[in-house]
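So the structure is just underneath, and the comments pick up after that.
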Amino acid sequence: MAFYVVQFLTGLASAASLFLVASGLSIIFGVTRIVNFAHGAFYMLGAYLAFTLTERLEGALGFWGGIVAAALVVAVVGVLVEMVLLRRIYHSPELFQLLATFGLTLMVQDIVVLIWGPSDLLGRRAPGFKGAVDFFGQSVPSYDLFLIVLGPVVLGVLWLLFQRTRWGILVRAATQDRDMVAALGVNQKWLFTSVFAVGVFLAALGGALQIPRDAVHHAMDLRIIVEVFVVVVIGGLGSIIGAFVAAVLVSELNAFGILIFPKISIILVFLVMAVVLIVRPWGLFGKPEAPARRTPGLTVNPWRPWTSNERLAAVAALIVAAGLPFFGGNYALTVGSEIAIFVIFAVSLHFLMSVGGLASFGHAAYFGLGAYGVAFLAKLAGLPMIACLLLGPLLGLVGAAVFGFFAVQLSGVYFAMLTLAFAQIVWSIAFQWVAVTGGDNGILGVWPEKWAASPSHFYWLSLGIAALAVLILRIIVFSPFGFALRATRDSPLRSEAIGINGKRIQWTAFVIAGTVAGLAGALFAYLKGSVFPDNMGISLSVDALVMVLLGGVETVFGGVVGAIVYKALNIWLVSQTDWSKLVLGAFIVLIVVAFPKGIVGTLESILNRRRKSSSSNSPLLTSRIETAE
Amino acid sequence: MRNYLIGAGLAVLVAGMADAAMAQSEIKIGEINSYSLLPAFTEPYRKGWQLAVEEINASGGINGKKLVVISKDDNGKPADAQTAANELVSSENVAMLAGTFLSNIGLAVSDFANQKKVFFLAAEPLTDAITWSKGNRYTFRLRPSNYMQAAMLVEAAAKLPAKRWATIAPNYEYGQSAVAVFKKLMSEKRPDIVWVDEQWPPQGKIDAGPVVQAVAAANPEAILNVTFGADLVKLVREGNTRGLFKDRAVVSFLTGEPEYLDPLKDETPEGWIVTGYPWYAINTPEHDKFLKAYQAKFKDYPRLGSIVGYQTIKSAAAILTKANSTDPEKLIAATEDLSVPSPFGEITFRKIDHQSTLGAYVGKTALKDGKGVMVESSYKKGSDYLPSDAEIEKLRPKD
């Protein structure tokens, strides 16, 4: 019996550290609607700074003072980031801020290695909490007890802050309806900055408090960030109590789960999230979001099919691209094939995000399923390459059909997180089912047949399929189905009123996007000759998201440009510099500031404005568009 | 546009001619590793091979040609490693590929080498598959494999009186196969052993408290640990606080390597049986020479990564010198049964499975001046811990 009590307490201690970080993320999202990918980076910075300070400062006061000071310093860094970077892009398309914080995360990963060196660092134990307390023959670390108390204390302080202060009232009001708060004359700038500061402080404090029990190292951020997102979503976005309950739920399920299934930790949080979201689409304590109040059709420059000149330009670009084998070497061709494959992958996600308005955080699942489909068919069934390329993506289709059915019942960030959960579940199957998938050692020897083996042939094959995929998706965008999909995106209520079955339309779009992603994955398997669980991992999903955002969500063509720019830059930087993450991150941040609507989006607005001012035949429309902007 | 194209074409041509001229006087090795993902291991590793390159060129290079190592980062992803391998082979025209740390990346590059018929010397990946079940004629491996390290540890572990054993290992191929081999060899030597618990925390994400608690509840007499890096630190801290290691024998993979032992500082648990690299306690002329040269150049002590990096390039140079060619078939012929000196004594690249006989040190952990060290350590030759040739014939596919 004592054992179970102690296991329960241990779970509570894990929950407390998770809660600190999650509460910060939840507050920031609730008010600013920013999906703060850099939250893990702030957590890590807190730990590193606390390590340095507690090593320098003596005694108990030095230790605790160092922890708090570290969190404060990181909070100041957070304020600077908010004021210099995020303030510029609050009005960018949804999720664009994710791109900026992603860039920051990349930079911080390299910066900590530059400053603190590559080795894992071991911090001091907390003075006064070094040992363990005996509980009926079981030891409970006293630091765990400290954390168990700290969690509810922080919860209580936050509750008082939100319920009893004017600032708290404003924050809650903004969480519920920030347009209304703005209309009532509250200075949003400082509200956002202060909320961001509090959120970052909590993240850094969470990191700093880890040093007595963890090693400080440069991968801490990624280790925590996904888990924290999951906790926030299970609890319900913007709900502090929800975050607390979810943290306890996840930690306790883990603590007891490993007694029965020792391998469960790897997937547990995602299973819990999937179940919770299917049963309660807004998390345990979340409330349904009010329907968006924006006026449809005005925020975006209206889309139109290509003019004949533009068609010619696209064909010319394709011909130029097809000429690469005549002057590029084998390496250039292989990189070209890889970029073409990622164009397919990015346009498939772009289709889902910009036309369907559904941002998937787990799109790599269907890419990976396509790749595994090919690997199974080629290695186990021994089918020829053409058959594999045609049939392999069907695994992506099946996956998208099953998961999409559940996912499209949700919207916004909840949709995104459910897709992430599904992707992680698929990933862990590939990772764990060693007998079939080879585990993380993957499936080797999936090389193309002779006719496609030479780099130039494979390049033409990839380029051809990419061109075809872009063309087909464009045709779908401007087909009646595409219009119905856009109607559902822009106004679910109105489109339902005119008889469009929104869920079925979205589900179909999800399946289309998943199948096209599967096609990209199938080609990728042949390009690399092997398939690994990596092909469906979170980082690939994030890459796809970055490509789409970089190109511009509110465009028809952004995914193509985003994929080319991001992939080419990534490959080139990794090959050229040891600090590729630092440079790539800085580059992304610069692009975010310079092109607040993505590369294509910003260029299009500039072109449109010019066209308008030169012809100026429709003053009414121009003014309406500008107000909307 | 046209001018630009012509210009670019000319530039490529000129660069190509310059390359051709250089190629007469130098030999290139393409090196790939997880520099950004695992700097704690790969930074000392890089220093190691840099020292080797310097020494080789100072003593006349490869049959009079200068040795150049072109190094690429793989981001910790198999797909990126293949992109890098392709660049090295297609644009840099390297004579051979070398390096890699993670098992899946080693396998990806090995498969690439097999497909493109390029010689590949795997430095670090521990998986048995790379030389056995997925072995191919183009791939050789330097470090002692999972199986060899398990066999070394089993030799010491079987002498322990403990009968109830528990295992803690990261939940991926490395951890799984380490536990599987250890269990198999151990049960062969000691049929009386029972395995009472196993814990599989996700790599890099151990929730150490519940894991320690769960293992303690099974009340084992001895524990096998396979976690390393930050996971190991968390496990040791929780285990120390909760008294998990008190009066229990612990056998642990890799923990004696300075990369993993040093971060534990004054919390290093004492008496664990580990594989590792006690650079401070090796008194052989070969190692002294290496140690002096390394410390003189970098003002730092070597980690195991330094040895691996150094010996990878030293072996590669020996292979290139003996083959006196960059033809992969000749390189393979030169490597099979080639013996080369190393800081750990002479090693041989076996013909039968392309595994080198580099060994490892096995010893016990101890605390000295607030730092973790390995004591009572002795060198175990790799050749003594491999299965019989007949067994390997069964494990390895025919070329």
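Every number in this text was worked out from the coordinates using simple rules, so none of it is lab data. Remember, it's a predicted structure, so these values are computed and weren't measured experimentally. When we count neighbours, we look across all protein chains shown, and the Cβ atoms used for this are built from the backbone with ideal geometry, even at glycine.
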Sum -39500 (n - 2.57) across every DSSP H segment of at least 4 residues in chain A, then divide by the residue count to get the 222 nm mean residue ellipticity, nearest 500.
-24000 deg cm²/dmol
Chain B: most fluctuating residue of B:Ile273, B:Ile130, B:Ile206 per GNM, C-alpha cutoff 10 Å
B:Ile206
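Just for chain B, what percent of DSSP beta bridges are antiparallel, to the closest 5? Could the numbers behind the result be given before it?
Values: 17 of 52 bridges.
Here the antiparallel bridges make up roughly 35 percent for chain B.
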Kirkwood Rh over alpha-carbon pairs of the range A:12-83, then Stokes-Einstein at 4 °C and 1.567 mPa s: what D in µm² s⁻¹, rounded to an integer?
98 µm²/s
Straight-line reach only, C-alpha to C-alpha below 19 angstrom: list the aspartates and glutamates that A:Lys597 could link to, leaving out same-chain residues fewer than 8 apart.
A:Glu82, A:Glu94, A:Asp490, A:Asp543, A:Glu554, A:Glu626, A:Glu629
Extension gain A:Leu318-A:Arg88, at 0.36 nm per residue separation less the Cα-Cα distance, in nm?
79.2 nm
Considering only C-alpha atoms, what is the centroid distance from the range A:42-103 to the range A:495-530, in Å?
38 Å
Nearest 10 degrees is fine. How inclined is helix A:265-279 to the longest principal axis of chain A, computing both from alpha carbons?
70 degrees
Please give every one of the aspartates and glutamates within straight-line cross-link reach of A:Lys287, meaning a C-alpha to C-alpha distance under 18 Å, and leave out same-chain neighbours fewer than 8 residues apart.
A:Asp177, A:Asp179
Roughly speaking, what is the stretch gain from A:Val68 to A:Thr577, that is 0.36 nm per residue apart minus the C-alpha to C-alpha distance, in nm to one decimal?
179.6 nm
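How long is the gain from A:Leu468 to A:Glu58 if the chain were fully straight, where each residue apart is worth 0.36 nm and the alpha carbon distance is subtracted? Please list the in-between numbers first.
Working: separation 410, 0.36 × 410 = 147.60 nm, distance 6.62 nm.
Length gained, A:Leu468 through A:Glu58: 141.0 nm.
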Could you tell me which residue out of A:Val320, A:Val343, A:Leu284 lies farthest along the dipole of the range A:267-406 toward its positive end? Charges go on the beta carbon: Lys and Arg +1, Asp and Glu -1, centred on the Cα centre.
A:Leu284
222 nm mean residue ellipticity, helices alone, for chain B (DSSP H n ≥ 4; -39,500 (n - 2.57); rounded to 500)
-14000 deg cm²/dmol
Each residue of the range A:9-17 in order: what ³J(HN,Hα) in whole Hz does its phi give by Karplus 6.51 cos²θ - 1.76 cosθ + 1.60, θ = phi - 60°, with x for Gly and Pro?
4, 4, x, 4, 5, 4, 4, 4, 5
Each residue of the range B:217-229 in turn: what ³J(HN,Hα) in whole Hz from Karplus with 6.51, -1.76, 1.60 and θ = phi - 60°, glycine and Pro shown as x?
5, 6, 6, x, 8, 8, 10, 9, 10, 10, 5, 8, x
Which residues in the range B:42-62 have a backbone N closer than 19 Å to a point placed 7 Å from the Cα of B:Tyr301 along the Cα-to-Cβ line?
B:42-48
Going by Cα centres, the range A:152-166 and the range A:116-140 are how many Å apart?
29 Å
Amide H of B:Asp74: which non-local residues (sequence gap of 5 or more, or other chain) have their own amide H closer than 5 Å, using H built in the peptide plane?
B:Asn33, B:Ser34, B:Tyr35, B:Ser36
Selection from A:Leu85, A:Met44, A:Pro118 lying farthest towards where the dipole of the range A:1-124 points positive, charges on Cβ:
A:Leu85
Which percent, nearest 5, of DSSP beta bridges in the protein assembly as shown are antiparallel?
40 percent
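Given DSSP loops and a limit of at most 14 other Cβ atoms within 10 Å, what is the longest stretch of chain B that contains no such trypsin sites (Lys or Arg not before Pro)?
Details: sites that count: B:Lys117, B:Lys159, B:Lys163, B:Lys246, B:Lys299, B:Lys351, B:Lys398.
With trypsin sites (Lys or Arg not before Pro) excluded where exposed in loops, chain B gives B:1-116 as its longest stretch.
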Interchain or long-range residues, amide H under 5 Å from B:Ile223's placed H
B:Ala166, B:Ala249, B:Val250, B:Val251
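Once R0 is set to 51 Å, what does the formula 1/(1 + (r/R0)^6) return for the Cβ-Cβ distance between B:Ala158 and A:Gln409, expressed as a FRET efficiency to the nearest 0.05? If you can, show how the numbers build up before the last one.
Values: r = 57 Å, r/R0 = 1.12.
Calculated value: 0.35.
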What residues qualify as long-range amide H neighbours of A:Ala132, i.e. H under 5 Å apart, gap of 5 or more or another chain, H built at 1.01 Å from N?
A:Ser142
In nm, to one decimal, how far is the A:Trp303 label point from the A:Ala594 one, both placed 7 Å along Cα→Cβ?
2.7 nm
My understanding is that a pair violates if its Cα-Cα distance is over 18 Å; which of B:Lys134/B:Lys351; B:Lys314/B:Lys364; B:Lys134/B:Lys380; B:Lys47/B:Lys117; B:Lys65/B:Lys314 do that in this structure?
B:Lys314/B:Lys364; B:Lys134/B:Lys380; B:Lys47/B:Lys117
How many angstrom lie between the C-alpha centres of the range B:300-354 and the range B:249-281?
27 Å
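Can you pull a Stokes-Einstein diffusion coefficient for the protein assembly as shown at 37 °C (0.692 mPa s), Rh from Kirkwood over Cα pairs, as a whole number of µm²/s?
My calculation gives 109 µm²/s for D.
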Given labels modelled 7 Å from the Cα in the Cβ direction, how far is it in nm from B:Asp288 to A:Arg172?
7.6 nm
Simple spin-label model, 7 Å along Cα-to-Cβ: A:Val402 to B:Lys184 in nm?
3.1 nm
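Could you compute the FRET efficiency for A:Phe256 and A:Trp433, with r as their C-beta to C-beta distance and R0 at 22 Å, rounded to 0.05? Walk me through the numbers on the way to the answer.
Numbers: r = 24 Å, r/R0 = 1.10.
The computed FRET efficiency comes out at 0.35.
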Put one equal scatterer on each alpha carbon of the range A:322-404, apply the Debye formula with no solvent term, and list log10 I(q)/I(0) at q = 0.13, 0.19, 0.20 1/Å to two decimals.
-0.54, -0.94, -0.98
Suppose every Lys and Arg Cβ carries +1 and every Asp and Glu Cβ carries -1, with no other charges. What dipole size does chain B come out with about its Cα centre, to the nearest 20 debye?
120 debye
